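The values are calculated or read from the model by the stated rules, or taken from the named source; none is laboratory data. Just so it is clear, the structure is predicted and the values come from calculations on it, not from any experiment. Quick reminder, even Gly has a Cβ in these numbers, built from the backbone with ideal geometry, and neighbours come from all protein chains shown.
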Amino acid sequence: MEFRDAELVELARQIKPLLRWDTTEMSSTKKEDLMAAKKAKAKKPTAKKAAPTKRLPAIKEKYSKSAIIGELSENTELTRKQVGAVLEGLGDLIERHVKKGAAGEFILPGLLKIKTVKKPARKARKGVPNPFRPGELMDVAAKPASTKVKVLPLKGLKEMV
């Protein structure tokens with residue numbers, strides 16, 4: 001069944017009054033119940049904010065791969081071998097998302113987004129003004145098309161800093 005726009009508008013006009021609460025025809029108890037329900041909806045207790053996570057001490061020196069694996073194995077009660085396997089699996093998963101012919105985007109929820117950006121090829125140009133030596137002309141070589149990788153911070157990572 002197909003409708004034209006005018007028919008849809010007319011149907012909406014006919015249905016709209018049926019969807020509204022008409023309090024003039026309700027008994028006083030129904031009116032009070034309706035008003036109480038509205039007030040209860042308005043006064044719903046807002047969800048308490050989660051307790052702030054414990055502040056972790058800052059790390060003064062950057063970690064090597066083995067130091068990261070050691071720290072994660074201590075915190076998660078997994079063996080170093082299992083943590084290493086998880087990191088390898090994460091690397092493989094990222095590769096499958098960003099390689100040629102794939103989605104081109106990987107999101108680590110709350111932390112970062114890794115995406116690929118395709119840069120078009122640039123033609124060679126001759127006689128372009130040299131920005132470093134005014135008055136002198138230079139030639140610019142051609143560049144082939146390429147794919148660059150961008151890593152963008154997400155809200156969780158921005159809030160950590």
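Considering the conditions (1) in contact (Cβ under 8 Å) with a residue 12 or more places away in the chain; (2) surrounded by 12 or more Cβ atoms within 10 Å (Cβ to Cβ), residue 99 is excluded by exactly one of them, (1).
Between 31, 41, 48, the distinction of being assigned to a helix (DSSP H, G or I), basic (Lys, Arg), at pLDDT below 90 and exposed (fewer than 10 other Cβ atoms within 10 Å of the Cβ) belongs to 41 only.
Among the residues of segment 55-77, write down those that are surrounded by 11 or more Cβ atoms within 10 Å (Cβ to Cβ) and under 21 Å from residue 108 (Cα atoms). Walk me through it before giving the result.
Within segment 55-77, the subset surrounded by 11 or more Cβ atoms within 10 Å (Cβ to Cβ) is 63, 67-74, 76.
Once the filter is applied, which keeps residues that are surrounded by 11 or more Cβ atoms within 10 Å (Cβ to Cβ) and under 21 Å from residue 108 (Cα atoms), segment 55-77 yields 63, 68, 69, 71, 72, 73, 76.
Residues that are of a type outside the set (Val, Ile, Thr) and farther than 30 Å from residue 58 by Cα were ranked within segment 142-160; the one that is surrounded by the most Cβ atoms within 10 Å (Cβ to Cβ) is 143. Contact map, segment 128-141: first residue on the phi < 0 side of the Ramachandran plot and exposed (fewer than 10 other Cβ atoms within 10 Å of the Cβ), second residue part of a loop (DSSP other than H, G, I, E, B) and not aliphatic (A, V, I, L, M), Cβ cut-off under 8 Å, separation 6 or more or different chains; pairs are 136/130. Considering (1) under 30 Å from residue 118 (Cα atoms); (2) at pLDDT 90 or above, the lone condition that residue 101 does not fulfil carries the number (2).
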